[in-house]
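I have placed the structure first, in the form of structure tokens, so that the comments after it can refer back to it.
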Amino acid sequence: MDFNEFNRQYKLSRASLIAGETTDLPAVQTHLRELADEVSGSDRQIARKLIDGLPALVAAVQESSSSSSAEMAEAQQVLNDGKFDEGTREERLAAFADARKKIWAIADRAGADSDRIRYLTRRFESTELYLEEGYPWESPPDSPGA
């Protein structure tokens with residue numbers, strides 16, 4: 001299984017948990033771990049981190065949605081609709097830039113939720129860095145003469 005397919009399954013599971021359509025978080029994590037075992041290389045580590053962070057993410061989104069504004073819900077929808085894992089490196093970077101622009105525009109009109117909405121884009125930073133510079137745990141290319 002490639003990482004894009006795993007991530008699609010992850011997003012569907014996450015959305016189902018957040019919406020309350022699925023309530024058995026441990027079962028969802030078990031299923032996703034089985035899928036992650038089929039992912040190769042360093043992408044498997046990323047998949048496992050996503051799975052491990054799922055309980056906190058779901059709890060935070062559910063908490064914020066119960067006390068958040070319409071603007072927060074709109075910003076969350078931008079995140080859910082984002083095509084961050086599809087296309088070339090440049091297309092993915094453009095997707096992050098577009099989502100950030102939309103979310104910050106929403107935050108500009110959000111009032112009290114504006115800082116929390118802007119904070120949603122913080123999760124983009126490390127992925128953008130890895131797309132631009134590569135993952136730090138990847139092996140460096142063989143040096144000449146080695």
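The residues M1, M72, sorted by heavy-atom accessible surface at 1.4 Å with ligands and nucleic acids left out, run M1, M72 from largest to smallest.
According to the square roots a ≥ b ≥ c of the eigenvalues of the Cα gyration tensor, what is the shape class of the chain, taking rounded for a/c under 1.5, prolate for a/b larger than b/c otherwise, and oblate for the remainder? Note, shape of the chain comes out oblate.
In the chain, once you exclude exposed GluC sites (Glu not before Pro) (DSSP loop, at most 16 other Cβ within 10 angstrom), what's the longest stretch remaining? Longest stretch, sites excluded: 87-137. In sequence order, segment 42-58 has phi-based couplings of 5, 5, 5, 5, 5, 4, 5, 5, 4, 5, 5, x, 4, x, 5, 5, 4 Hz under the Karplus curve 6.51 cos²θ - 1.76 cosθ + 1.60, θ = phi - 60°, and Gly or Pro positions carry x. Ellipticity at 222 nm from helices only: DSSP H runs of n ≥ 4 in the chain, each -39500 (n - 2.57), divided by the residue count, give -22500 deg cm²/dmol. Cross-link partners for K11 among the lysines, with Cα-Cα distance under 18 Å and sequence neighbours closer than 8 places in the same chain left out: K49, K83.
The modelled label-to-label distance between R116 and E34, using points 7 Å beyond Cα along the C-beta direction, is 3.6 nm. Basic side chains Lys and Arg get +1 at the Cβ, acidic Asp and Glu get -1 at the Cβ, and with that the dipole of the chain about its Cα centre reaches some 380 debye. Mean separation of Cα pairs under 8 Å and 6 or more residues apart, divided by the residue count, gives the chain a relative contact order of 20 percent.
The values are calculated or read from the model by the stated rules, or taken from the named source; none is laboratory data. Here the structure is a predicted model, which means the values were calculated and not measured. No Cβ is skipped: glycine too gets one built from the backbone with ideal geometry, and neighbour counts run over all protein chains shown. Protein only, heavy atoms only, side chains kept; ligands, DNA and RNA dropped before computing areas. Shrake-Rupley method; radii C 1.70, N 1.55, O 1.52, S 1.80 Å.
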